[in-house]
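A.B. asks: One structure coming up, written as structure tokens, with questions to follow.
The values are calculated or read from the model by the stated rules, or taken from the named source; none is laboratory data. The structure presented is a predicted model; accordingly, all values stated were derived computationally and were not measured. Cβ placement follows ideal geometry from the backbone for every residue including glycine, while neighbour counts extend to all protein chains displayed.
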Amino acid sequence: ETGVTQSPTHLIKTRGQQVTLRCSSQSGHNTVSWYQQALGQGPQFIFQYYREEENGRGNFPPRFSGLQFPNYSSELNVNALELDDSALYLCASSLGLGGAATEAFFGQGTRLTVV
Amino acid sequence: AQSVTQLGSHVSVSEGALVLLRCNYSSSVPPYLFWYVQYPNQGLQLLLKYTSAATLVKGINGFEAEFKKSETSFHLTKPSAHMSDAAEYFCAVLPRTSGTYKYIFGTGTRLKVLA
């Protein structure tokens, strides 16, 4: 079984630009969640996709948007990048929404630096 | 709103000594509880989870945690620290009542193991 893979691993962007981060969920998983982890902080929930529909969103502005594809892979898009968007972005996949029995598996993350 | 508090952003122990990392949650209904470990430039790896079965939960790499409802705590312990345990540790909760499979993380505790 393949794990959660994210691309790219590192990215440098200029303030005001747009960025797309990608995540391939673990085989058989239909739920993908995205988290932002700023330096020295715990991960913060951005949003979640379940079967291609958004299923919950954290306290992030609309310039953070996402998409889930029929194969359950996902993209995170951030428009009008700000310096504070510099962080590690983590993708987590799970099967369904069935609580703790359905463990979430995290990818290695994408380190985004905005200059 | 539910929250997680990890006391001590940095903890140092000698190799072979007891590891104790503290986690308290705030919730009227005991949530699912997790401990994750993060090595430098890596994603999150699940150490153990509490899902309302036994209150003493054993995880990987010799770690265990005890759920104490009266203290709203879920502290992580390991009897004997190893150099390879040096990493950042995150406590997380998953609310039982939410329709979104959304983790709420603490701010993390960086464990340093001294030779």
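A.B. asks: Within region A:24-41, take every residue that is out of contact with any Asp or Glu (no Cβ under 6 Å at 6 or more places or on another chain) and over 22 Å from residue B:108 (Cβ atoms) and give me the one that is nearest to the other protein chains (Cβ to nearest Cβ). Steps first, please.
C.D. replies: So the first thing to find is which residues in region A:24-41 are out of contact with any Asp or Glu (no Cβ under 6 Å at 6 or more places or on another chain), and the list is A:24-26, A:28-41.
Narrowing further to those that are over 22 Å from residue B:108 (Cβ atoms): A:24-26, A:28-32.
Working: A:24: 13, A:25: 13, A:26: 12, A:28: 15, A:29: 11, A:30: 11, A:31: 6, A:32: 10 Å.
That would be A:31.
A.B. asks: For residue A:42, all conditions in the list (1) under 24 Å from residue B:45 (Cα atoms); (2) of a type in the set (Gly, Ala, Ser); (3) at pLDDT 95 or above hold save one; what is the number of the exception?
C.D. replies: (3)
A.B. asks: Can you tell me which residue in region B:8-46 is farthest from the chain's Cα centre (by Cα), limited to those that are of a type in the set (A, V, I, L, M) and within 12 Å of chain A (Cβ to nearest Cβ)?
C.D. replies: Looking only at region B:8-46, we keep the residues that are of a type in the set (A, V, I, L, M), and these are B:11, B:13, B:17-21, B:29, B:33, B:37, B:44, B:46.
Right, trim to within 12 Å of chain A (Cβ to nearest Cβ) and you get B:33, B:37, B:44, B:46.
Details: B:33: 8, B:37: 8, B:44: 12, B:46: 9 Å.
So the residue we want is B:44.
A.B. asks: Do we have residue A:76 as surrounded by 14 or more Cβ atoms within 10 Å (Cβ to Cβ), within 8 Å of chain B (Cβ to nearest Cβ), in a strand (DSSP E or B) and at pLDDT 95 or above here? Reasoning before the result, please.
C.D. replies: Values: surrounded by 14 or more Cβ atoms within 10 Å (Cβ to Cβ): yes; within 8 Å of chain B (Cβ to nearest Cβ): no; in a strand (DSSP E or B): yes; at pLDDT 95 or above: yes.
Judged against the criteria, residue A:76 is not a match.
A.B. asks: Which residues, counting only those in region B:78-115, are among the polar types (S, T, N, Q), more than 9 Å from every other protein chain (Cβ to nearest Cβ) and either assigned to a loop (DSSP other than H, G, I, E, B) or within 13 Å of residue B:36 (Cα to Cα) (or both)?
C.D. replies: Going residue by residue through region B:78-115, those that are among the polar types (S, T, N, Q) are B:80, B:84, B:97-98, B:100, B:107, B:109.
When the remaining residues are screened for being more than 9 Å from every other protein chain (Cβ to nearest Cβ), the result is B:80, B:84, B:97, B:109.
The answer is B:80, B:97, B:109.
A.B. asks: Which numbered condition in (1) closer than 22 Å to residue A:35 by Cβ; (2) in contact (Cβ under 8 Å) with a residue 60 or more places away in the chain is the only one that residue B:76 fails?
C.D. replies: Result: residue B:76 fails condition (2) only.
A.B. asks: Show the residue pairs meeting these rules: Cβ distance below 9 Å; 6+ apart or different chains; first residue within region A:83-98 and facing chain B (nearest Cβ under 10 Å) and free of Cβ contacts under 8 Å to residues at least 24 places away in the same chain; second residue outside any helix (DSSP H, G or I) and crowded, with 18+ Cβ neighbours inside 10 Å.
C.D. replies: Final answer for the pair search is A:98/B:101.
A.B. asks: Considering (1) of a type in the set (A, V, I, L, M, F, W, C); (2) free of Cβ contacts under 8 Å to residues at least 24 places away in the same chain; (3) exposed (fewer than 13 other Cβ atoms within 10 Å of the Cβ), say which one residue B:57 fails and leave the rest.
C.D. replies: The one condition residue B:57 does not meet is (3).
Here is a yes/no grid of residues against (1) farther than 21 Å from residue A:44 by Cα; (2) surrounded by fewer than 14 Cβ atoms within 10 Å (Cβ to Cβ); (3) in contact with a helix residue (DSSP H, G or I) (Cβ under 9 Å, 6 or more places away or on another chain):
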position: B:23; (1), (2), (3): no, no, no
position: B:34; (1), (2), (3): no, no, yes
position: B:42; (1), (2), (3): no, no, no
position: B:51; (1), (2), (3): yes, no, yes
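A.B. asks: Sticking with this one: Sort out which residues of region B:22-54 are among the aliphatic types (A, V, I, L, M), in contact with a Phe, Trp or Tyr (Cβ under 9 Å, 6 or more places away or on another chain) and touching a residue at least 40 places away in the same chain (Cβ under 8 Å), and write them in order of number.
C.D. replies: Let us first name the residues in region B:22-54 that are among the aliphatic types (A, V, I, L, M), namely B:29, B:33, B:37, B:44, B:46-48, B:53-54.
Now narrow it down to the ones that are in contact with a Phe, Trp or Tyr (Cβ under 9 Å, 6 or more places away or on another chain): B:33, B:37, B:44, B:46-48, B:54.
Of everything in region B:22-54, those that are among the aliphatic types (A, V, I, L, M), in contact with a Phe, Trp or Tyr (Cβ under 9 Å, 6 or more places away or on another chain) and touching a residue at least 40 places away in the same chain (Cβ under 8 Å) turn out to be B:33, B:37, B:44, B:47.
A.B. asks: In addition: Would you mind finding the one in A:7, A:27 that is surrounded by fewer than 18 Cβ atoms within 10 Å (Cβ to Cβ) and modelled with pLDDT of 95 or more?
C.D. replies: Details: A:27 fails: modelled with pLDDT of 95 or more.
Answer to the selection: A:7.
A.B. asks: Among what's in region A:9-23 and is more than 15 Å from the chain's Cα centre (by Cα) and not in a loop (DSSP other than H, G, I, E, B), pick the residue that is nearest to the other protein chains (Cβ to nearest Cβ).
C.D. replies: Per the stated criteria, the residue is A:12.
A.B. asks: Just to be sure I understand, how many residues within region B:4-29 are at pLDDT below 90 and among the polar types (S, T, N, Q)?
C.D. replies: 2
A.B. asks: Ok, one more. Quick one: is residue A:44 free of Cβ contacts under 8 Å to residues at least 60 places away in the same chain, within 22 Å of residue B:4 (Cα to Cα) and not hydrophobic (A, V, I, L, M, F, W, C)? Talk me through it step by step, then tell me what you get.
C.D. replies: Numbers: free of Cβ contacts under 8 Å to residues at least 60 places away in the same chain: yes; within 22 Å of residue B:4 (Cα to Cα): yes; not hydrophobic (A, V, I, L, M, F, W, C): yes.
Spelling it out, residue A:44 is indeed free of Cβ contacts under 8 Å to residues at least 60 places away in the same chain, within 22 Å of residue B:4 (Cα to Cα) and not hydrophobic (A, V, I, L, M, F, W, C).
A.B. asks: Among the residues of region B:54-68, are any within 14 Å of another protein chain (Cβ to nearest Cβ), more than 10 Å from the chain's Cα centre (by Cα) and of a type outside the set (A, V, I, L, M)?
C.D. replies: yes
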